[in-house]
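The values are calculated or read from the model by the stated rules, or taken from the named source; none is laboratory data. Given the structure is predicted, the values throughout are model-derived calculations rather than measurements. So basically every Cβ, Gly included, is an ideal-geometry build from the backbone, and we count neighbours across all protein chains shown.
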Amino acid sequence: MSLTTRCPACATLFRVVPDQLKVSGGWVRCGRCADVFDARLSLSPPLPVVTEVVDPNAPPPQRVTVEVSHEVAAAPEQAPASPDPLAEPPNEAPPEPPTETPPTPPGEAVEPEATPQAASDAAPAPPLDQVSFVRAARRRAFWRRPAVRLALALGSVGLALALALQAVLHWRNALVLAYPGLQPALQALCIPLKCRIGPPRRIESITFEGSSFARVQPDVYRLTVTLANSARMPVAMPSLELTLTDLQDLAVLRRVLLPADYGPDTPASLPPGGEWSTTLTVAVTPGATPQPVVGYRLLAFYP
């Protein structure tokens with residue numbers, strides 16, 4: 001028994017067989033537009049077939065007897081039997097009445113049976129997960145679900161907000177400097193995230209205008225440093241790395257000086273285009289340097 005299904009893409013009607021649908025899991029390919037769809041979603045009973053009505057009282061069709069003779073050259077001993085003109089013609093089955101195809105509704109076309117993409121009867125049918133067009137159709141159907149589309153939209157919005165929040169946190173110091181009214185909101189945002197708001201950190205704008213390093217006592221040295229800010233905005237006060245060297249300019253001792261070590265009057269930032277100098281006393285533990293200290297190096301950085 002065949003059923004009828006309709007292609008959702010071109011609205012073409014097809015006849016399908018339930019056994020074929022079981023093999024392919026209901027997935028068929030349209031013979032007209034090549035669209036892959038689930039035929040089970042639009043199954044309907046087959047269209048009625050109208051046959052010609054034969055009147056039993058009508059006279060039987062005329063029979064014409066044709067005499068045919070055959071020559072057999074290979075077997076002369078078997079002569080063909082002469083036809084008997086008085087013999088009754090053999091019983092012939094009356095021709096089957098022609099069938100008429102039901103008229104097709106306007107705008108629709110009835111095609112032959114849709115061909116499911118499955119193996120032949122001689123070979124075992126592969127699993128549905130191994131049929132390429134079935135997997136492709138299932139993937140397209142999955143991504144077209146309203147719930148999936150809503151989840152993708154919400155995920156995109158969430159990622160955009162996360163990116164914007166990350167940019168605000170990265171440029172928070174510059175934003176506060178350009179828009180002071182944003183400082184309360186950014187300060188409240190930094191409380192749970194454990195960040196701080198201060199002057200921008202631009203180490204490329206920090207330069208050494210001058211420095212000196214002199215021994216005051218056998219293990220005590222005096223360091224004088226002058227820092228300058230070449231930017232047009234305030235820049236956070238950097239830390240300093242002091243490296244003591246020997247006669248071969250090899251490092252024998254390193255020490256990190258934080259802004260808190262510069263003194264109580266140290267500002268939190270250097271003014272735009274301004275300079276700042278300080279003098280520090282550095283004490284070295286006796287015996288900490290195996291070689292005598294004859295030089296030094298300074299490096300400004302932000303921890």
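Does any residue of the range 161-178 turn out to be within 28 Å of residue 4 (Cβ to Cβ), surrounded by 10 or more Cβ atoms within 10 Å (Cβ to Cβ) and at pLDDT 85 or above? Please lay out each step first, then the result.
Kept after step one, since they are within 28 Å of residue 4 (Cβ to Cβ), are these residues of the range 161-178: none.
No.
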message = Being surrounded by 12 or more Cβ atoms within 10 Å (Cβ to Cβ), more than 25 Å from residue 204 (Cα to Cα) and not β-branched (Val, Ile, Thr) narrows it down to one residue among 291, 248; which is it?
response = 291
query = Does any residue in the range 284-296 that is closer than 22 Å to residue 211 by Cβ come within less than 6 Å, Cβ to Cβ, of a residue that is hydroxyl-bearing (Ser, Thr, Tyr) and surrounded by 10 or more Cβ atoms within 10 Å (Cβ to Cβ) six or more places away or on a different chain, and which pairs are these?
reply = 295/245
task = For residue 228, indicate whether it is touching a residue at least 24 places away in the same chain (Cβ under 8 Å) and surrounded by 13 or more Cβ atoms within 10 Å (Cβ to Cβ).
result = yes
key: Residue tally, condition part of a loop (DSSP other than H, G, I, E, B) and within 26 Å of residue 198 (Cβ to Cβ), over the range 254-289   = 12
inquiry  = Being among the aromatic types (Phe, Trp, Tyr) and closer than 15 Å to residue 283 by Cα is the requirement here; does residue 221 meet it?
reply    = yes
ask   = Taking the range 188-204 as the search range and keeping residues that are within 20 Å of residue 267 (Cβ to Cβ) and β-branched (Val, Ile, Thr), which one is modelled with the highest pLDDT?
value = 203
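Determine if the range 198-211 includes at least one residue that is in contact (Cβ under 8 Å) with a residue 60 or more places away in the chain, among the aromatic types (Phe, Trp, Tyr) and surrounded by 16 or more Cβ atoms within 10 Å (Cβ to Cβ).
To start, the set of residues in the range 198-211 that are in contact (Cβ under 8 Å) with a residue 60 or more places away in the chain comprises 198-199, 201, 203, 206, 208-211.
Going one step further and asking which of them are among the aromatic types (Phe, Trp, Tyr), we end up with 208.
From what is left, the residues that are surrounded by 16 or more Cβ atoms within 10 Å (Cβ to Cβ) are none.
No; the residues of the range 198-211 include none that is in contact (Cβ under 8 Å) with a residue 60 or more places away in the chain, among the aromatic types (Phe, Trp, Tyr) and surrounded by 16 or more Cβ atoms within 10 Å (Cβ to Cβ).
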inquiry  = Pairs please, first residue from the range 238-250 and assigned by TED's automatic domain parsing to the domain that holds residue 211, second anywhere and hydroxyl-bearing (Ser, Thr, Tyr) and in a strand (DSSP E or B), Cβ atoms under 6 Å, 6+ apart in sequence or on different chains.
reply    = 244/296
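Out of the range 136-180, which residues are among the basic types (Lys, Arg) and within 17 Å of the chain's Cα centre (by Cα)?
Residues of the range 136-180 among the basic types (Lys, Arg): 138-140, 144-145, 149, 172.
Correct list: 138, 139, 140, 144, 145, 149.
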task = Residue by residue through the range 166-187, note down the ones that are free of Cβ contacts under 8 Å to residues at least 12 places away in the same chain and over 26 Å from residue 267 (Cβ atoms).
result = 166, 167
